[in-house]
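Asks: Encoded as structure tokens, here's the structure I'll be asking about.
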Amino acid sequence: MLYSEKVMDHFMHPRNVGVIEDADGVGEVGNAKCGDIMKIYLKIENNVIADVKFNTFGCGSAIASSSMATEMIKGQPLDRALELTNKAVVEALDGLPPHKIHCSVLAEEAVKAAIKDYYDKNGIEYDHSLFPDCDSCAHCSDGGCEI
């Protein structure tokens with residue numbers, strides 16, 4: 001089977017889909033090569049992600065990666081959410097096909113972009129090295145993700 005049961009479950013029954021109208025942080029990332037676009041909305045209370053929603057335009061792996069990433073960061077302090085990696089998303093989904101790893105990279109980048117947006121909006125100092133300046137995944141090539 002190409003996709004794990006967890007990938008199929010998060011694709012068919014994605015968690016945290018939607019928009020937070022008065023979001024404290026919003027992150028949007030996309031990959032022009034594959035057409036996937038992810039937007040993550042955060043509601044933050046006392047430095048903790050109280051609520052998170054996402055909208056993803058893309059393939060099943062992109063939707064599953066977004067869903068799993070939101071589940072992994074919900075209720076977490078911001079510094080813990082910043083530790084989310086694409087590898088952790090892939091592991092939580094019980095794997096993705098090699099040519100779909102870039103979807104998990106987008107999920108990581110969208111989470112970080114939303115947290116960065118929150119920091120920027122609120123004038124909160126942060127370590128800029130935690131936020132790669134990447135509008136689309138610079139690590140990807142036609143052959144898939146190189147991370």
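Asks: Can you tell me which of SER104, SER129 is touching a Leu at 6+ places or on another chain (Cβ under 8 Å) and either of a type in the set (Gly, Ala, Ser) or surrounded by fewer than 16 Cβ atoms within 10 Å (Cβ to Cβ) (or both)? Before you say what the answer is, go through the steps one by one.
Replies: Values: SER129 fails: touching a Leu at 6+ places or on another chain (Cβ under 8 Å).
Within the list SER104, SER129, the selection yields SER104.
Asks: Test ILE40 against the stated conditions and say whether it is of a type outside the set (D, E, K, R), surrounded by 15 or more Cβ atoms within 10 Å (Cβ to Cβ) and farther than 23 Å from PRO98 by Cα. Reasoning before the result, please.
Replies: Values: of a type outside the set (D, E, K, R): yes; surrounded by 15 or more Cβ atoms within 10 Å (Cβ to Cβ): yes; farther than 23 Å from PRO98 by Cα: yes.
Yes.
Asks: Also, quick follow-up: Answer yes if at least one residue in the range 66-77 is in contact with a helix residue (DSSP H, G or I) (Cβ under 8 Å, 6 or more places away or on another chain) and modelled with pLDDT under 95, and no otherwise.
Replies: Checked the range 66-77: no residue is in contact with a helix residue (DSSP H, G or I) (Cβ under 8 Å, 6 or more places away or on another chain) and modelled with pLDDT under 95.
Asks: Mind checking which pairs have a first residue in the range 30-50 that is farther than 15 Å from GLU109 by Cα and a second that is assigned to a strand (DSSP E or B) and modelled with pLDDT under 95, Cβ under 8 Å, 6 or more apart or different chains?
Replies: LYS33/CYS140; GLY35/PHE57
Asks: Return yes or no: is VAL26 under 12 Å from the mean Cα position of the chain (by Cα) and either over 18 Å from SER61 (Cβ atoms) or not aromatic (Phe, Trp, Tyr) (or both)? If you could, list the steps in order and put the result at the bottom.
Replies: Numbers: under 12 Å from the mean Cα position of the chain (by Cα): yes; either over 18 Å from SER61 (Cβ atoms) or not aromatic (Phe, Trp, Tyr) (or both): yes.
Spelling it out, VAL26 is indeed under 12 Å from the mean Cα position of the chain (by Cα) and either over 18 Å from SER61 (Cβ atoms) or not aromatic (Phe, Trp, Tyr) (or both).
Asks: Something else: In the range 12-37, what residues are over 17 Å from SER65 (Cα atoms), surrounded by 19 or more Cβ atoms within 10 Å (Cβ to Cβ) and not hydrophobic (A, V, I, L, M, F, W, C)?
Replies: Selection gives ASP24, GLY25.
Asks: Is it the case, given these coordinates, that THR85 is under 14 Å from ALA110 (Cβ atoms), buried (at least 18 other Cβ atoms within 10 Å of the Cβ) and touching a helix residue (DSSP H, G or I) at 6+ places or on another chain (Cβ under 9 Å)? First the steps, then the outcome.
Replies: Working: under 14 Å from ALA110 (Cβ atoms): yes; buried (at least 18 other Cβ atoms within 10 Å of the Cβ): no; touching a helix residue (DSSP H, G or I) at 6+ places or on another chain (Cβ under 9 Å): yes.
In short, no.
The values are calculated or read from the model by the stated rules, or taken from the named source; none is laboratory data. Bear in mind the structure is a predicted one, so any value in this text is a computation, not a measurement. As a convention, Cβ positions derive from the backbone with ideal geometry for all residues, glycine included, and neighbour counts pool all protein chains shown.
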